[in-house]
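The values are calculated or read from the model by the stated rules, or taken from the named source; none is laboratory data. Since the structure is predicted, the reported quantities are computational estimates derived from the model, not experimental observations. Here the Cβ positions follow ideal geometry from the backbone for every residue, glycine too, while neighbour counts run over all protein chains shown.
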Amino acid sequence: MLTFVGLGLYDEKDITVKGLEALRAADAVYAEFYTSPLGGKTVAKMEETYGKRIFVLNRSDLEDHAEEGILKLARTQNLVLVCGGDAMVATTHVDLRLRAIDMGIETRLIHAPSISSAVPGLCGLQNYKFGKSATVSPPYKDAISEMPYDTVLANKERGLHTLLYLDIDMSLNDALRLLESVEEKRGDDMLKNSLVVGIARAGSDKPVVKADYFAALKNYEFGALPHVLVVPGELHFLEQEVLVKIAQAPE
């Protein structure tokens, strides 16, 4: 069997009891941290807390060599693969599960808190009013992806909020500047006039949740990673009140 276990939002204590039980009962435990940041976790802390050795896999171990590696072992052993957040949010994990099924390997999911469900709670925006999400990534060969900007634009036209994930090593300040570059290239002012919400270290004891207009938030100090960005759409009066009281949005 191959069991996918989510580790939750931030540190080694965010795992569920069910996940911890599966991990401790496994023949071997593997982890990957390229689809979700470690946050406040370290492998050493995890091993100490869980009482289990953890073998860290790289991207090629899962995407290119899984059949002769972790999946081959899972045919005769009970293996656990742990990852940050929830277990099936990343496409990589869906693909791995499908390959396991094709090889006749039983699979199981043990869920945990995810940033996609934590964000509405942290900033007070209503969960059902979020539209399509996107990821802001560093420039590739000096080209900046315009897809996140287009996603925000399409959601705003429908009055919906946008959750923008950031590349694993990217800060909110870097992401806002990349979006600003796209807007300047287009000669638009959609983001320039928008309220935006930055969230840092969700799931920690002291997460940062700050809402302000784009220009002001661009230089705000959010501190250590991980960061995530929200661009609100149309706001209900209750959402407005929550942003002011929880995220210090300008009244």
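Numbers at a glance
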| item | result |
| --- | --- |
| Matching option when the condition is under 24 Å from PHE4 (Cβ atoms) and either at pLDDT 95 or above or among the charged types (D, E, K, R) (or both), among ALA112, ALA100 | ALA100 |
| Scan of segment 1-26 for residues that are buried (at least 24 other Cβ atoms within 10 Å of the Cβ) and out of contact with any strand residue (DSSP E or B) (no Cβ under 8 Å at 6 or more places or on another chain), ordered by number | TYR10 |
| Subset tally (residues that are assigned to a loop (DSSP other than H, G, I, E, B) and surrounded by 18 or more Cβ atoms within 10 Å (Cβ to Cβ)) for segment 223-242 | 4 |
| Inter-residue pairs, beta-carbon under 9 Å, first in the same structural domain as LEU20 (by TED's automatic domain parsing) and more than 20 Å from GLU12 (Cβ to Cβ) and in segment 65-93, second crowded, with 24+ Cβ neighbours inside 10 Å and of a type in the set (Gly, Ala, Ser), 6+ apart | MET88/GLY6 |
| Flag if ARG201 is touching a residue at least 24 places away in the same chain (Cβ under 8 Å), of a type in the set (Lys, Arg) and either in the same structural domain as ASP86 (by TED's automatic domain parsing) or within 16 Å of GLY121 (Cα to Cα) (or both) | yes |
| Counted residues, segment 124-176 - those being aromatic (Phe, Trp, Tyr) and either outside the structural domain of ARG201 (by TED's automatic domain parsing) or surrounded by fewer than 16 Cβ atoms within 10 Å (Cβ to Cβ) (or both) | 2 |
| Scan of segment 179-200 for residues that are surrounded by fewer than 22 Cβ atoms within 10 Å (Cβ to Cβ) and either in contact with a Pro (Cβ under 7 Å, 6 or more places away or on another chain) or in a helix (DSSP H, G or I) (or both), ordered by number | GLU180, SER181, VAL182, GLU183, GLU184, LYS185, ARG186, LEU195, ALA200 |
| Residue match in segment 16-33 (condition: assigned to a strand (DSSP E or B), under 28 Å from SER137 (Cβ atoms) and either touching a helix residue (DSSP H, G or I) at 6+ places or on another chain (Cβ under 8 Å) or in the same structural domain as PRO226 (by TED's automatic domain parsing) (or both)) | yes |
